[in-house]
1. Can you tell me which residue within the range 124-146, out of those that are at pLDDT 85 or above and part of a loop (DSSP other than H, G, I, E, B), is nearest to the chain's Cα centre (by Cα)?
2. Can you tell me which residues in the range 99-110 are within 21 Å of residue 76 (Cα to Cα) and either in contact with a helix residue (DSSP H, G or I) (Cβ under 8 Å, 6 or more places away or on another chain) or without any contact (Cβ under 8 Å) to a residue 12 or more places away in the chain (or both)?
3. Within the range 111-153, track down each residue that is without any contact (Cβ under 8 Å) to a residue 12 or more places away in the chain and either under 17 Å from residue 78 (Cβ atoms) or surrounded by fewer than 12 Cβ atoms within 10 Å (Cβ to Cβ) (or both).
4. Out of 118, 149, 94, which single residue is farther than 23 Å from residue 60 by Cβ and either assigned to a strand (DSSP E or B) or touching a helix residue (DSSP H, G or I) at 6+ places or on another chain (Cβ under 9 Å) (or both)?
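The values are calculated or read from the model by the stated rules, or taken from the named source; none is laboratory data. The shown structure was predicted, so the numbers you read here are calculated from the model rather than taken from an experiment. Every residue, glycine as well, gets a Cβ built from its backbone with ideal geometry; the counts of neighbours run over all protein chains shown.
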């Protein structure tokens, strides 16, 4: 028989005819286990080698010494009082030569630096006495220190004292 080719392999020319079988499709299988191991090793490496940001702290240098022996005597008219209430209100007053002080004035945070500059122009021996209410926000105290640093003065002399009941009464009488 001529042109038989019955036993010959399929060349793909007779696809339209019955009896053609499509070869089975094999799926590609990728083993993900080694990739997960590598990712975990990289994650561990970066976690251990990166430096974490240190919390930002404000360094306050407190003097060492005996409180009773190392007291500094100041003239009352060289003192500028700044009291910060529990609500964050600022009250500024100046000391008088007779030991009293002027009536505290409520000021805004943004005018504090200017007030300090003006006081230091009048009296360069001024010492700023800061009194903070314990119930106020810590950020208010940081803002006050920022404003003191913004003030264009040569010598930044200030002291921090506890706000006592007399100071709370002064702030309450001033409207705070």
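1. It comes out as 137.
2. Within the range 99-110, 99, 100, 101, 102, 104 qualify.
3. 118, 121, 122, 138, 139, 149
4. Numbers: 118 fails: either assigned to a strand (DSSP E or B) or touching a helix residue (DSSP H, G or I) at 6+ places or on another chain (Cβ under 9 Å) (or both); 149 fails: farther than 23 Å from residue 60 by Cβ.
None of the other options fit; the residue is 94.
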